[in-house]
Amino acid sequence: MTTRTIEIWVGVFIAAGLAALFMLAMKVSNLSTYQGETGYELVARFEDISGLKERSPVTVAGVRIGRVKQIVFDDQTLEAKVVMEIEPRHNKLPKDTSASIYTSGLLGEKYIGLDPGGDMESLKQGDEIQLTQDSLVLEKLVGQFVANFINNKSDKKVENK
Amino acid sequence: MSGSCKMELATGRRMRGIVIITSLGHNAAIFFAAVTIMNESSLIQIRDLHFAHKQRVVFDGVDIDIQRGGITGIMGPSGTGKTTLLRLIGGQLKPTRGSILVDDENVPRLPRAALYRLRQRMGMLFQNGALLTDMNVYDNIAYPLREHTRLSETLIRTLVLMKLEAVGLRGARDLMPSELSGGMGRRVALARAIALDPMMVMYDEPFTGQDPISKGVLVRLIRSLNDALGLTSIIVSHDIEETCAIADYIYLLSGGKVVAHGTAQALGRSESAWAQQFLHGEADGPVPFHYPANTFTDDVMQSGNVS
Amino acid sequence: MLGALQLLGQKGLDFFQRLGRGNILLLHIVEGLPSLLPRLPLLIRQTYMVGVLSLLIIVVSGLFVGMVLGLQGYNTLVDFGAAESLGTMVALSLVRELGPVVTALLFAGRAGSALTAEIGLMKATEQLSAMEMMAVDPVRRVLAPRFLAGVISMPLLAAIFSAIGVLGGWFVGVGLLGVDDGAYWMQMQDHVDVYDDIMNGVIKSLVFGVVVTWIAVFEGYDAVPTSEGVSRATTRTVVHAALAVLGLDFILTALMFGD
């Protein structure tokens with residue numbers, strides 16, 4: 001084995017390794033969606049966001065147009081303040097767009113779905129979405145259902161009220 | 001003429017010895033100065049050497065002087081630490097006590113950099129050659145040159161071919177170590193050991209496992225290289241015939257001590273029963289044939305009862 | 001009882017002694033790394049021995065692991081009606097765990113044992129000793145290039161393993177079982193994060209590379225210089241490296257992905 005062949009093989013090896021890393025970064029992970037993404041930010045407040053995480057998708061009509069950038073607790077309003085980053089080309093969202101937290105599938109992860117309204121003006125950097133609907137928490141839902149069920153059955157007074 | 005030269009050299013060296021020693025304290029200075037005067041022409045002086053390995057005492061107070069320009073044989077039965085002695089001289093092992101002066105430098109005390117500088121002036125031939133197996137004969141000999149000098153490749157080539165010519169293997173330069181016979185491997189290793197033109201070469205069992213022809217070749221090579229290059233040679237061996245044939249002075253080691261020393265003829269006339277047994281290869285003598293045990297009859301009778 | 005305690009103590013002392021020697025050696029190796037710069041050919045040669053020669057086993061294993069993941073994942077996910085998440089599952093398993101870990105285990109078996117055997121044999125045939133006597137530091141000339149080559153090769157091999165595995169999963173999932181091609185890649189891209197997943201995988205494999213090569217090089221250098229000693233050292237390399245990789249994997253995973 002001459003030095004030249006060895007050097008060529010090592011070159012091939014390193015190139016293959018770097019190519020694999022590149023493929024993992026671009027094709028497998030979300031690096032390609034990071035690029036050039038200096039989108040504009042929108043803010044929405046929810047009473048309950050449980051299950052939503054930073055980097056969760058933001059969709060309109062099922063198409064992802066951005067991601068959750070930051071989630072903080074607002075001490076003033078005692079609500080969760082969610083900052084979303086929307087891709088710059090989707091800049092025609094009407095002012096009265098509403099935001100809801102949905103679950104993909106029964107056990108899937110949470111995402112924010114935006115419902116466009118009919119306003120002529122569009123949302124801009126830093127604007128707040130006024131209409132929000134909270135995350136549906138399974139335990140609460142079941143709790144409500146059970147409570148209603150019991151109330152229905154055993155206590156008619158409550159029902160009459 | 002040559003006598004007066006030697007005198008000058010001697011005084012010079014004595015001066016140096018004293019200068020080094022004064023820092024060690026008065027008594028030591030006198031002792032060492034005396035030693036320096038006594039052994040004017042020795043390259044290596046080993047004094048009061050103690051060495052133990054895992055509680056096994058290998059050397060228990062050994063004094064050895066190696067003459068400049070001569071061939072000194074160190075002989076003894078297997079397991080007396082002959083190879084260990086070479087490693088101590090090369091600084092690969094540290095003695096528990098005592099001093100090893102090589103060209104007036106105390107090897108065990110040398111800092112790493114100085115030790116490495118000293119080693120460049122030492123050549124060592126290992127028992128099985130110890131050639132680097134992933135390069136051919138040529139590169140093996142060029143290796144120390146490339147590591148320690150900034151010579152051009154053409155100059156290195158000339159030097160390597162000279163060394164190979166000296167051991168008669170110029171034609172084998174493209175072979176890999178695995179393609180060499182044992183004797184050839186040792187000759188290549190010898191060429192490598194003298195690649196940097198050292199002041200001394202240590203031979204670790206150079207004759208072991210060699211056929212008579214290779215032995216003869218090696219004996220001739222060691223003698224001729226020693227005389228032609230003005231080397232100092234140390235041969236560690238238990239091959240009596242070959243060692244006696246070329247060594248100017250011989251030390252016999254056993255049980256961690258020097259049992260006898262002198263020229264080959266002097267040792268032949270030695271009074272020591274042990275030396276006589278070793279030199280003549282007798283089965284029984286001071287070194288008993290039997291490993292220590294209780295008497296044979298006791299053992300036989302007992303084994304019947306036990307099992 | 002006392003005998004057992006003594007044995008335990010002896011083993012413990014032995015362990016810490018070896019650990020100490022290993023650490024000193026590692027320090028010595030790291031010290032010698034700068035001296036490799038003017039000796040690039042040494043490093044390239046070792047990268048060939050350690051990296052290129054491990055390539056085949058890595059590619060083949062990666063392909064099969066990916067295909068198995070595709071098959072198993074599909075069968076599990078299809079029950080939940082989530083077959084589209086196959087890409088996510090395959091990619092996350094590979095990038096976070098299987099890529100670095102399986103590569104490290106294979107690397108220990110292929111390259112690690114070879115390193116130990118080579119260095120151990122060099123010691124047994126007195127080549128290391130001969131280098132010392134030629135005033136050449138074997139740690140710098142023999143161990144350091146091998147160590148660095150291992151550390152460089154490991155993340156590259158792990159990346160190749162993961163990439164090939166994702167393709168293997170794609171081949172089974174999309175090619176054979178009919179998962180939608182777009183869904184496979186899109187779901188993957190949506191859920192695999194460059195920093196959280198890919199970078200952490202690379203960091204893991206880098207750590208494994210250091211540990212496996214360190215163990216291999218140390219075992220070879222510390223081997224008893226006989227043929228039996230070398231064969232024992234080789235076995236120890238594989239066992240210790242595998243244990244170290246799996247143990248460290250748990251710790252690293254807890255540090256990286258534990259919320």
Next on the checklist: For the condition more than 14 Å from chain C (Cβ to nearest Cβ), out of contact with any Lys or Arg (no Cβ under 9 Å at 6 or more places or on another chain), surrounded by fewer than 22 Cβ atoms within 10 Å (Cβ to Cβ) and free of Cβ contacts under 8 Å to residues at least 40 places away in the same chain, what is the one hit in B:ARG223, B:ARG173, B:ARG187?
Outcome noted: B:ARG173
Item to check | Given (1) open to solvent by 40 Å² or more (accessible area, probe 1.4 Å); (2) under 15 Å from B:ILE194 (Cβ atoms); (3) in a loop (DSSP other than H, G, I, E, B), number of the condition B:THR133 does not satisfy | outcome: (2)
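Matching residues to (1) small (Gly, Ala, Ser); (2) open to solvent by 20 Å² or more (accessible area, probe 1.4 Å):
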{"residue": "C:VAL192", "(1), (2)": "no, no"}
{"residue": "C:ASN200", "(1), (2)": "no, yes"}
{"residue": "C:ALA216", "(1), (2)": "yes, no"}
{"residue": "C:PRO225", "(1), (2)": "no, yes"}
{"residue": "C:SER231", "(1), (2)": "yes, yes"}
{"residue": "C:THR235", "(1), (2)": "no, yes"}
{"residue": "C:VAL238", "(1), (2)": "no, yes"}
{"residue": "C:THR253", "(1), (2)": "no, yes"}
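Being more than 25 Å from C:ILE251 (Cβ to Cβ) and hydrophobic (A, V, I, L, M, F, W, C) is the requirement here; does C:MET131 meet it? Can you show your working first?
Values: more than 25 Å from C:ILE251 (Cβ to Cβ): yes; hydrophobic (A, V, I, L, M, F, W, C): yes.
Yes: the conditions hold for C:MET131.
Quick one: is C:ARG232 of a type outside the set (Val, Ile, Thr), assigned to a helix (DSSP H, G or I) and in contact (Cβ under 8 Å) with a residue 12 or more places away in the chain? Lay out the reasoning, then the answer.
Details: of a type outside the set (Val, Ile, Thr): yes; assigned to a helix (DSSP H, G or I): yes; in contact (Cβ under 8 Å) with a residue 12 or more places away in the chain: no.
Taking the combined requirement at face value, the residue does not satisfy it.
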Checklist outcome for this item: Of the residues in the stretch B:251-274, those that are touching a helix residue (DSSP H, G or I) at 6+ places or on another chain (Cβ under 8 Å) and closer than 20 Å to B:VAL58 by Cβ number 6
Next on the checklist: Take the residues in the stretch B:230-283 that are within 23 Å of B:GLY209 (Cα to Cα) and of a type in the set (Asp, Glu); name whichever of them is surrounded by the fewest Cβ atoms within 10 Å (Cβ to Cβ).
Outcome noted: B:GLU241
Item to check | Residues (touching a helix residue (DSSP H, G or I) at 6+ places or on another chain (Cβ under 9 Å) and either free of Cβ contacts under 8 Å to residues at least 24 places away in the same chain or of a type in the set (A, V, I, L, M, F, W, C) (or both)) located in the stretch C:18-30 | outcome: C:LEU25, C:LEU26, C:ILE29, C:VAL30
Checklist entry - Does the stretch C:1-51 hold any residues that are open to solvent by 90 Å² or more (accessible area, probe 1.4 Å), more than 21 Å from the chain's Cα centre (by Cα) and of a type in the set (A, V, I, L, M), and which are they? => result C:MET1, C:LEU2, C:LEU5, C:LEU7, C:LEU8, C:LEU13, C:ILE24, C:LEU37
Next on the checklist: For the stretch B:25-41, check the following and say yes or no: at least one residue is at pLDDT 50 or above and closer than 30 Å to B:GLU241 by Cβ.
Outcome noted: yes
Next on the checklist: So for the stretch C:195-202 (the condition being closer than 18 Å to A:PHE22 by Cβ, within 12 Å of chain A (Cβ to nearest Cβ), in contact with a Leu (Cβ under 9 Å, 6 or more places away or on another chain) and of a type in the set (Val, Ile, Thr)), does at least one residue qualify?
Outcome noted: yes
Checklist outcome for this item: Considering the stretch A:2-19, residues that are at the interface with chain C (Cβ under 8 Å from one of its Cβ atoms) and closer than 29 Å to B:MET176 by Cβ, and then whichever is modelled with the lowest pLDDT, we arrive at A:THR3
Checklist entry - Which residues, taken from the stretch C:99-114, are closer than 16 Å to C:THR253 by Cβ and either open to solvent by less than 10 Å² (accessible area, probe 1.4 Å) or over 8 Å from the mean Cα position of the chain (by Cα) (or both)? => result C:GLY99, C:PRO100, C:THR103, C:ALA104
Checklist entry - With respect to B:ALA113, is the statement that it is assigned to a helix (DSSP H, G or I), of a type in the set (Gly, Ala, Ser) and without any contact (Cβ under 8 Å) to a residue 60 or more places away in the chain true? => result yes
Checklist entry - Which of the residues that make up the stretch C:115-159 are closer than 30 Å to C:VAL68 by Cα and either open to solvent by 10 Å² or more (accessible area, probe 1.4 Å) or away from chain A (no Cβ under 14 Å) (or both)? => result C:VAL151, C:ILE152, C:PRO155, C:LEU156
Checklist outcome for this item: Reported set for the stretch A:80-98 where residues are of a type in the set (A, V, I, L, M, F, W, C) and over 13 Å from the mean Cα position of the chain (by Cα) is A:ALA80, A:LEU93
Item to check | Flag if A:PRO88 is within 14 Å of chain C (Cβ to nearest Cβ), in contact (Cβ under 8 Å) with a residue 40 or more places away in the chain and not hydroxyl-bearing (Ser, Thr, Tyr) | outcome: no
Item to check | Top-ranked residue of the stretch C:87-97 - restricted to ones that are within 13 Å of another protein chain (Cβ to nearest Cβ) and of a type outside the set (S, T, N, Q), ranked as farthest from the chain's Cα centre (by Cα) | outcome: C:GLY87
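The values are calculated or read from the model by the stated rules, or taken from the named source; none is laboratory data. These numbers come from a predicted model, not from an experiment. All Cβ positions, glycine included, derive from the backbone under ideal geometry; neighbour counts span all protein chains shown. For accessibility, only protein heavy atoms count, side chains too; no ligands or nucleic acids. Shrake-Rupley method; radii C 1.70, N 1.55, O 1.52, S 1.80 Å.
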